[in-house]
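Trainee: My structure is below; once you've seen it, I'll send some questions.
The values are calculated or read from the model by the stated rules, or taken from the named source; none is laboratory data. None of these values were measured; they are calculated from a predicted model. Note that each Cβ is placed from the backbone with ideal geometry, even for glycine, and that neighbours are counted across all protein chains shown. Areas reflect the complete protein model, heavy atoms only, side chains present, ligands, DNA and RNA absent. Shrake-Rupley method; radii C 1.70, N 1.55, O 1.52, S 1.80 Å.
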Amino acid sequence: MKDTTTDGSSRRFDLPLPPPPDALRIGPLREGTFRSRLHEPRTAVVLGRWLGAAIVLCFLTGLLSHGLQEPPGWLRALLTSRPVDGYRVTQGLHVIAGTAAIPLLGAKLWTVYPRLFEWPPARSVLHLLERAAIAVLVAATLLELFTGLLNTLQWYPWPFPFRQTHFWLGWTITGALLLHVAAKAATITEHWWRPRLPLPGRRAFLGTVAASVTAVTLTTAGQTVPWLRGLDLLAPRRPDLGPQGLPVNRTAAQAGTTTVPADWHLTVDGPTPLRLS
Ligand code: HEM
């Protein structure tokens, strides 16, 4: 007997499990409900790697943006606004990775969803805790990607503040993801390398997911990558569209600042100070 089960849990969990009571052998709890061969660990590991990379990239670029917008005292001297288009690169990568994570999350959840109907739902307190952490991971990731996507459309149909929620969900996902990877470490290691015998259909499935991610990326990345502008069919905005060739998130009228006092002015400090009416 191996030291670990396919989900990386310890040998204690490898004992024969009680079958579900007859009354519960209905719907997805019936044996043989999930027929696809692709609900298996190697597919989960490959998709997990791609999804993990997208999420880590989002987290790091998000932290950088947050640090630049609200620098903590001790970091103020290190963070600079140079190079001037650096924010466009990091924020562009953030949105590209977040958008790519949407089809990746869909494919990953499709691969593993039969495990939702495992019997018994928890084999020990530790297993119950692991599953609770996964529930947090899935819920937080779904909410983060959904609200993040709507944010690119400047649409906020919820009562909570977007930026703070986005920030703390990012930390929640990162913590829950670390727990998830640690709990599945044995399975991840076992299925990290390509197996000698390919599983029929897996390559086609992963190829389709990769093609969807490429299509979504190419049709949205033009909102920040100038040379992809011709392809940005699904991008919510164009960086060169707006007064003076710059996009405007919200006009003064939309922001409700229609009356500006006559003595209003903007002072720009620097080697050559400016005072603009
Ligand atoms: C936001 C990111 C992720 C989400 C939402 C997610 C979600 C899930 C869910 C819901 C399960 C089924 C859990 C269960 O056993 O009850 C699962 C299983 C698994 N995940 Fe993830 N996961 C993510 C990232 C990753 C990463 C980065 C890896 C590592 C490469 C990974 C590897 C695995 C493995 C190996 C399994 C077990 C598959 C099996 O035994 O059939 N996941 N994941």
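Trainee: Give the residue, chosen from Leu109, Leu137, Leu149, that is in contact (Cβ under 8 Å) with a residue 12 or more places away in the chain, within 8 Å of the ligand (Cβ to nearest atom), open to solvent by 40 Å² or more (accessible area, probe 1.4 Å) and within 27 Å of Gly92 (Cα to Cα).
Mentor: Details: Leu137 fails: open to solvent by 40 Å² or more (accessible area, probe 1.4 Å); Leu149 fails: within 8 Å of the ligand (Cβ to nearest atom).
Just one listed residue meets the conditions, Leu109.
Trainee: Return yes or no: is Ala97 in contact with a helix residue (DSSP H, G or I) (Cβ under 6 Å, 6 or more places away or on another chain) and open to solvent by less than 80 Å² (accessible area, probe 1.4 Å)? Outline the logic, then answer.
Mentor: Values: in contact with a helix residue (DSSP H, G or I) (Cβ under 6 Å, 6 or more places away or on another chain): yes; open to solvent by less than 80 Å² (accessible area, probe 1.4 Å): yes.
When the stated conditions are applied, Ala97 passes them.
Trainee: Follow-up. Of the residues Ala185, Ala210, which is loosely packed, with under 13 Cβ neighbours inside 10 Å and modelled with pLDDT of 95 or more?
Mentor: On the way: Ala210 fails: loosely packed, with under 13 Cβ neighbours inside 10 Å.
Of Ala185, Ala210, the one residue that is loosely packed, with under 13 Cβ neighbours inside 10 Å and modelled with pLDDT of 95 or more is Ala185.
Trainee: How many of the residues in region 241-277 are in contact with a His (Cβ under 7 Å, 6 or more places away or on another chain) and either within 30 Å of Arg229 (Cα to Cα) or free of Cβ contacts under 8 Å to residues at least 12 places away in the same chain (or both)? Full working, then the answer.
Mentor: Filtering region 241-277 down to residues in contact with a His (Cβ under 7 Å, 6 or more places away or on another chain) leaves 275-277.
Within this subset, residues satisfying the condition of being either within 30 Å of Arg229 (Cα to Cα) or free of Cβ contacts under 8 Å to residues at least 12 places away in the same chain (or both) are 275-276.
Qualifying residue count for the region: 2.
Residues are listed down the side, and each one gets a yes or a no for (1) open to solvent by 70 Å² or more (accessible area, probe 1.4 Å); (2) at pLDDT 95 or above; (3) part of a loop (DSSP other than H, G, I, E, B):
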{"site": "Arg35", "(1), (2), (3)": "yes, no, yes"}
{"site": "Val46", "(1), (2), (3)": "no, yes, no"}
{"site": "Arg49", "(1), (2), (3)": "yes, yes, no"}
{"site": "Ala53", "(1), (2), (3)": "no, yes, no"}
{"site": "Leu60", "(1), (2), (3)": "yes, yes, no"}
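Trainee: Continuing with this model, one more query. Select from region 85-106 the residues that are within 11 Å of the ligand (Cβ to nearest atom), out of contact with any Phe, Trp or Tyr (no Cβ under 8 Å at 6 or more places or on another chain) and either outside any helix (DSSP H, G or I) or touching a residue at least 12 places away in the same chain (Cβ under 8 Å) (or both) and list them in ascending order. Give the derivation first.
Mentor: Step one: of region 85-106, the residues within 11 Å of the ligand (Cβ to nearest atom) are 101, 104-106.
Now restrict to residues that are out of contact with any Phe, Trp or Tyr (no Cβ under 8 Å at 6 or more places or on another chain): 101, 105-106.
Selection gives Ala101, Leu105.
Trainee: Can I ask one more? Out of region 181-209, which residues are part of a helix (DSSP H, G or I) and away from the ligand (no atom under 16 Å from the Cβ)? Don't jump to the end; show me each part of the working.
Mentor: Here is the first cut: in region 181-209, the ones part of a helix (DSSP H, G or I) are 181-183, 185-190, 202-209.
Selection gives Arg203, Ala204, Gly207, Thr208.
Trainee: It is to be established whether one or more residues within region 219-227 are assigned to a loop (DSSP other than H, G, I, E, B), touching a residue at least 40 places away in the same chain (Cβ under 8 Å), open to solvent by less than 90 Å² (accessible area, probe 1.4 Å) and not aromatic (Phe, Trp, Tyr).
Mentor: Within region 219-227, the first condition is being assigned to a loop (DSSP other than H, G, I, E, B), and the residues that meet it are 224-225.
Those left that are additionally touching a residue at least 40 places away in the same chain (Cβ under 8 Å): 224-225.
Subsequent filtering for residues that are open to solvent by less than 90 Å² (accessible area, probe 1.4 Å) retains 224-225.
Those still in the list that are not aromatic (Phe, Trp, Tyr) too: 224-225.
Yes: region 219-227 contains one or more residues that are assigned to a loop (DSSP other than H, G, I, E, B), touching a residue at least 40 places away in the same chain (Cβ under 8 Å), open to solvent by less than 90 Å² (accessible area, probe 1.4 Å) and not aromatic (Phe, Trp, Tyr).
Trainee: If you go through region 118-130 one residue at a time, how many are in a helix (DSSP H, G or I) and open to solvent by 70 Å² or more (accessible area, probe 1.4 Å)? Before the answer, list the steps.
Mentor: Narrowing region 118-130 to residues in a helix (DSSP H, G or I): 125-130.
Going one step further and asking which of them are open to solvent by 70 Å² or more (accessible area, probe 1.4 Å), we end up with 125-126, 128-129.
Residues in region 118-130 being in a helix (DSSP H, G or I) and open to solvent by 70 Å² or more (accessible area, probe 1.4 Å): 4 in total.
Trainee: Kindly indicate the residue of region 152-180 that is surrounded by fewer than 13 Cβ atoms within 10 Å (Cβ to Cβ) and among the aliphatic types (A, V, I, L, M) and also nearest to the ligand (Cβ to nearest atom) among those meeting that condition.
Mentor: Across region 152-180, the extreme among qualifying residues is Leu178.
Trainee: Pairs please, first residue from region 40-51 and more than 8 Å from the ligand (Cβ to nearest atom), second anywhere and part of a loop (DSSP other than H, G, I, E, B), Cβ atoms under 6 Å, 6+ apart in sequence or on different chains.
Mentor: Arg42/His191
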